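Okay, so here's the structure we're looking at.
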Amino acid sequence: MTTLNAELRTFYEARQQQIPAEIREIMQRAGQELADSGQADRALTVDAQAPRFSLPSAPGQTLTLDDLLAEGPVVLTFYRGAWCPYCNIALRALQQHHEAITDRGARLVAVSPQIPDASLTLSEKHALTFDVLSDLGSDTAKQYGLAFDLPDDLAAVYDKLGFDLQRVNDGHPRTLPLPATYVIDRDGVIRWAFVDTDYTTRAEPADIIAALDALN
């Protein structure tokens, strides 16, 4: 069975052939600068108390971490948005493992800085059965140490590619979260964490499930 990151790597290699060299250079430089910044090491990790949040879901409900934890452990994953093909691949992989996650009594929620309408479109397009939440302004991502601002040249590239982050991120086009996934126990403690500055790499669903099994 192909792993999620093997699928992401195959997509990345094919994608590179389609991107002009000058844009690839900007993307690679920005990625290296973010990696060198050490932000991934400063993000919250295992044994930290998970910051509480209250965020709107795609259909317009408000979900809080406390409400979710009242039902069981929470798998909390941060992604950049529906415009990011790597995010879409990762979310589809999580959907394929959603039943295994819920069978372990856990609740899966995905968080991005995009508006609820964009999240709803994403949920419908990929038939997602877990909650997709909107973190406008990335306030929750900031609490987890994940939010960063795109450099000028990369922001200009995204504009040129038609991502329209000004609209989908409700006037906060430059701020995005690092890709991250947390397993949070019922006491609100982070028991497993994946954080990476490389948006082409994501938490493996099998590792998430193993982390949930380790809670019992």
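The values are calculated or read from the model by the stated rules, or taken from the named source; none is laboratory data. These figures come from a predicted structure and were not determined experimentally. Here the Cβ is made from the backbone with ideal geometry for all residues, glycine too, and neighbour counts use every protein chain on show.
Would it be correct to say that Gln49 is touching a strand residue (DSSP E or B) at 6+ places or on another chain (Cβ under 8 Å) and surrounded by fewer than 20 Cβ atoms within 10 Å (Cβ to Cβ)?
On the way: touching a strand residue (DSSP E or B) at 6+ places or on another chain (Cβ under 8 Å): yes; surrounded by fewer than 20 Cβ atoms within 10 Å (Cβ to Cβ): yes.
Taking the combined requirement at face value, the residue satisfies it.
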query = Got a number for residues in segment 67-95 being touching a Lys or Arg at 6+ places or on another chain (Cβ under 7 Å), in contact (Cβ under 8 Å) with a residue 60 or more places away in the chain and either in a loop (DSSP other than H, G, I, E, B) or surrounded by fewer than 17 Cβ atoms within 10 Å (Cβ to Cβ) (or both)?
reply = 2
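Name every residue in segment 140-153 that is surrounded by fewer than 22 Cβ atoms within 10 Å (Cβ to Cβ) and either in contact with a Ser or Thr (Cβ under 9 Å, 6 or more places away or on another chain) or in contact (Cβ under 8 Å) with a residue 24 or more places away in the chain (or both), in order of residue number. Please lay out each step first, then the result.
Taking segment 140-153 and keeping what is surrounded by fewer than 22 Cβ atoms within 10 Å (Cβ to Cβ), we get 142-143, 145, 148-153.
Passing the criteria: Lys142, Gln143, Gly145, Phe148, Asp149, Leu150, Pro151, Asp153.
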query = Do we find that Leu108 is closer than 15 Å to Arg174 by Cβ, surrounded by 15 or more Cβ atoms within 10 Å (Cβ to Cβ) and not aromatic (Phe, Trp, Tyr) in this structure?
reply = no
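What number of residues within segment 144-156 are within 20 Å of Val109 (Cβ to Cβ) and either hydrophobic (A, V, I, L, M, F, W, C) or assigned to a helix (DSSP H, G or I) (or both)? Explain how you work it out, then say what you get.
Looking only at segment 144-156, we keep the residues that are within 20 Å of Val109 (Cβ to Cβ), and these are 144-147.
Filter once more, keeping what is either hydrophobic (A, V, I, L, M, F, W, C) or assigned to a helix (DSSP H, G or I) (or both): 146-147.
Qualifying residue count for the region: 2.
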inquiry  = Suppose the filter is in contact (Cβ under 8 Å) with a residue 24 or more places away in the chain, over 24 Å from Pro51 (Cα atoms) and surrounded by fewer than 19 Cβ atoms within 10 Å (Cβ to Cβ); does Ala206 pass it?
reply    = yes
inquiry  = Checking the structure you have, find out if any residue of segment 102-119 is under 29 Å from Glu25 (Cβ atoms), modelled with pLDDT of 95 or more and out of contact with any helix residue (DSSP H, G or I) (no Cβ under 6 Å at 6 or more places or on another chain).
reply    = yes
ask   = Of the residues that sit in segment 120-138 and are of a type in the set (Gly, Ala, Ser) and crowded, with 20+ Cβ neighbours inside 10 Å, which one is modelled with the lowest pLDDT?
value = Ser123
Within segment 23-46, considering residues that are surrounded by 15 or more Cβ atoms within 10 Å (Cβ to Cβ) and touching a Gly at 6+ places or on another chain (Cβ under 6 Å), the one nearest to Val74 (Cα to Cα) = Leu44
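Here is a check on your reading of the model: is Ala141 in a helix (DSSP H, G or I), among the hydrophobic types (A, V, I, L, M, F, W, C) and modelled with pLDDT of 95 or more?
Judged against the criteria, Ala141 is a match.
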message = Please pick out the residue among Tyr199, Tyr158 that is closer than 25 Å to Ala6 by Cβ and aromatic (Phe, Trp, Tyr).
response = Tyr199
task = State all residues of segment 96-135 that are assigned to a loop (DSSP other than H, G, I, E, B) and among the hydroxyl-bearing types (Ser, Thr, Tyr); if no residue qualifies, say none.
result = Thr129
query = Do you know which of the residues in segment 160-216 that are more than 15 Å from the chain's Cα centre (by Cα) and basic (Lys, Arg) is farthest from Gly31 (Cα to Cα)?
reply = Arg186
key: The lone exception for Thr175 - which of (1) free of Cβ contacts under 8 Å to residues at least 60 places away in the same chain; (2) in contact with a strand residue (DSSP E or B) (Cβ under 6 Å, 6 or more places away or on another chain) it fails   = (1)
